[in-house]
Structure formats: structure tokens, C-alpha cells
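Read the structure below first, then the notes.
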Amino acid sequence: MGLTKTEFFTERQNKTAMLLKALGHPARVAIIEHLLKVKSCVCGDIVSELPLAQPTVSQHLKELKSAGIIKGSVEGTSVCYCLDEKAFESLSAYFSHALTDLQNKNSTCC
């Protein structure tokens, strides 16, 4: 497998790419949408909402947590998951800046 050469990109570019990569699966988008509705829940609650097996949901939760999109706190024998606002603030700032730049361009595309 080739090198990604992430060291040639800024910290912000690498962080944004990591967040977007973690969001690049429909199951993860569904998990986020569920967490937006319920604010926090355990893995079993998410499993009951998605057409996926528990180990698959757990893997998606692991990826979202690793990217910093969700947080998890231990409650007894379960982990309660919720969204991490910092990740969404970062993405919002990135896309707000991009949209502002696009709107400020006077030339037509291509």
C-alpha cells in the first residue's frame, strides 16, 4: 500500500479529511442522524434503529469515535454515545469558509 503523504498537508486539511472520511458511509450518517434525534444512547439502541448486526454497528461507532465525531462515556456495562460538537463546529467553519469563497467569485464556473 502506498504512502498517504499526509505530512505534506496542513493540520486543518488532515483533520477535515479525517472527519469527512469517517462520514463517508451511509450507516455512519444514519448513526449521526439518530444521535441528533435522541441526544445520547447506547449501542443497542442504535442497533435497533439500523438494519445492521451489533458488531457492524460497533465498528461504525469505533470509527466515528476515533475521528472525534462522537464521544462515549461508560455507564455501568454499556457505553453511552453522543455527538462531539467540536467536530461539527470544525466542519461548519470549513464549509462556511468554502461557501463564502464560492459566493465571492465573480466569474462563471469552467
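Quick rundown of the values:
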quantity: Which listed residue is touching a residue at least 12 places away in the same chain (Cβ under 8 Å) and charged (D, E, K, R), from GLU11, GLU75, GLU33, GLU7; calculated: GLU75
quantity: Segment 74-91, residues that are part of a strand (DSSP E or B), in contact with a Lys or Arg (Cβ under 8 Å, 6 or more places away or on another chain) and either loosely packed, with under 14 Cβ neighbours inside 10 Å or not hydrophobic (A, V, I, L, M, F, W, C) (or both); calculated: TYR81
quantity: Residue list for segment 21-30, filter: without any contact (Cβ under 8 Å) to a residue 12 or more places away in the chain and in a helix (DSSP H, G or I); calculated: PRO26, VAL29
quantity: Members of segment 67-92 that are among the small types (Gly, Ala, Ser) and closer than 20 Å to VAL29 by Cβ; calculated: ALA67, GLY68, GLY72, ALA87, SER90, SER92
quantity: Residue within segment 37-56 that is outside any loop (DSSP other than H, G, I, E, B) and within 28 Å of HIS97 (Cα to Cα) present; calculated: yes
quantity: Criterion: of a type in the set (A, V, I, L, M), surrounded by fewer than 16 Cβ atoms within 10 Å (Cβ to Cβ) and within 17 Å of LYS86 (Cα to Cα) - qualifying residue of ALA53, ALA17; calculated: ALA17
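Here's the yes/no breakdown for (1) surrounded by fewer than 11 Cβ atoms within 10 Å (Cβ to Cβ); (2) of a type outside the set (D, E, K, R); (3) under 16 Å from SER58 (Cα atoms):
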site: THR6; (1), (2), (3): no, yes, no
site: GLN13; (1), (2), (3): no, yes, no
site: LYS21; (1), (2), (3): no, no, no
site: ALA27; (1), (2), (3): no, yes, yes
site: ILE32; (1), (2), (3): no, yes, yes
site: LYS39; (1), (2), (3): yes, no, no
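Throughout, read-outs are computed from the coordinates displayed, never taken from laboratory work. Here the structure is a predicted model, which means the values were calculated and not measured. Ideal geometry is used to build each Cβ from the backbone, glycine not excepted, and the neighbour counts take in all protein chains shown.
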